[in-house]
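Asker: Can you read through this structure? Questions will come right after.
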Amino acid sequence: MKKWICAILALSLVLAMTACGGKKPEETTAPAANIEGTMEELLNKVIEQRPVEFAGGVIPIDLTDTSEEGLWAVKSFTGLEDASLLTEAAAYEPMMGSIPFSMVMVRTAEGADPKAVAEAMKAGVDPRKWICVEADDVKVAGIGDVVMLIMVSTSGDLTAQSFVDAVQSVAGRDCDFVI
């Protein structure tokens, strides 16, 4: 009798363990999620995460202005020759003084490759766009369809990486790329 009870208990234990095993769900690679919010909102959130010691402000960039001045603004802030690959853009820069700091966020158009846009931004931007000063730390990072260009001078406590870290904190995930 004891042998039967032990055999039944052992069999029920084996069946219970088998039932708990289940099939593992298949892993899929989901496309990178986009960050919600306007570029102005995202810039302000990044500055909240990584405050600066100067008075700065958000500057919306008019991507529809094809005048000479409008094209100059797109080139000066983003490094791009035109805005055809973008749907939205804004910059955060010092309000006064020759402080080499510029943080620009753009949302890429549907079908545009954010990494290619980022590479073009880094290649085209002028880290000496200010009078008598130069940014010596330039990074471009992307999360989903948002690309951030950050230029700073490392003469103070600022680093481009600290702003990349801040945008990752705001997004709640790591960057898809950092150049």
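The values are calculated or read from the model by the stated rules, or taken from the named source; none is laboratory data. Here the structure is a predicted model, which means the values were calculated and not measured. Cβ sites come from the backbone with ideal geometry, for glycine too, and all protein chains shown count toward neighbours. When the accessible area is computed, the model is the full protein with side chains, heavy atoms only, and any ligands, DNA or RNA have been set aside. Shrake-Rupley method; radii C 1.70, N 1.55, O 1.52, S 1.80 Å.
Asker: When the gyration tensor of region 110-162 is built from Cα positions, what are the square roots of 5 times its three eigenvalues, in whole Å, from largest to smallest? Show your work: numbers first, answer last.
Answerer: On the way: eigenvalues 113, 34, 8 Å².
Semi-axes, largest first: 24, 13, 6 Å.
Asker: Tell me the per residue accessible area of region 31-118 using a 1.4 Å probe; a whole number in Å² is fine.
Answerer: 53 Å²
Asker: What does the charge count near VAL125 come to, summing +1 for each Lys or Arg and -1 for each Asp or Glu among other residues with Cβ under 14 Å from its Cβ? Walk me through the numbers before you get to the answer.
Answerer: Values: positive: LYS75, LYS122, ARG128, LYS129, LYS139; negative: GLU81, GLU93, GLU119, ASP126, GLU134, ASP136, ASP137.
Around VAL125, the surrounding residues sum to -2.
Asker: First select every other residue whose beta carbon is under 13 angstrom from the beta carbon of ALA33; then total the charges, Lys and Arg +1, Asp and Glu -1.
Answerer: Net charge in that neighbourhood comes out at -3.
Asker: Taking each pair of distinct Cα atoms in region 29-86 once, what is the resulting Kirkwood hydrodynamic radius in Å?
Answerer: Here the Kirkwood hydrodynamic radius works out to 13.7 Å.
Asker: Show me the ranking of peptides 85-91, 106-112, 127-133, 168-174 by mean Cβ neighbours inside 10 Å, starting with the highest.
Answerer: The packing order, highest mean first, is 85-91, 106-112, 168-174, 127-133.
Asker: Follow-up. Subtracting the Cα-Cα distance from 0.36 nm times the residue separation, let me have the gained length for GLU41 to ALA109 in nm, one decimal.
Answerer: 22.6 nm
Asker: How many nm is it between the label spots at SER169 and SER153, if each spot is 7 Å from the Cα in line with the beta carbon?
Answerer: Calculated label separation equals 2.5 nm.
Asker: While we're here: Once both labels are modelled 7 Å past Cα along the beta-carbon direction, what's the ALA116-ASP62 spacing in nm?
Answerer: Output for this residue pair reads 2.9 nm.
Asker: Please give me the summed charge of the neighbours of ILE99: other residues whose Cβ is under 14 Å from its Cβ, Lys and Arg +1, Asp and Glu -1.
Answerer: -4
Asker: Follow-up. Quick one: Debye curve from the C-alpha atoms of region 41-179, no solvent, what's log10 I(q)/I(0) at q = 0.11, 0.19 Å⁻¹?
Answerer: Log10 I(q)/I(0), no solvent term: -0.35, -1.11.
Asker: Based on the inverse mean of 1/r over its pairs of different Cα atoms, what is the Kirkwood hydrodynamic radius of region 66-129, in Å?
Answerer: Working: mean 1/r = 0.0811 Å⁻¹.
Computed over region 66-129, the radius equals 12.3 Å.
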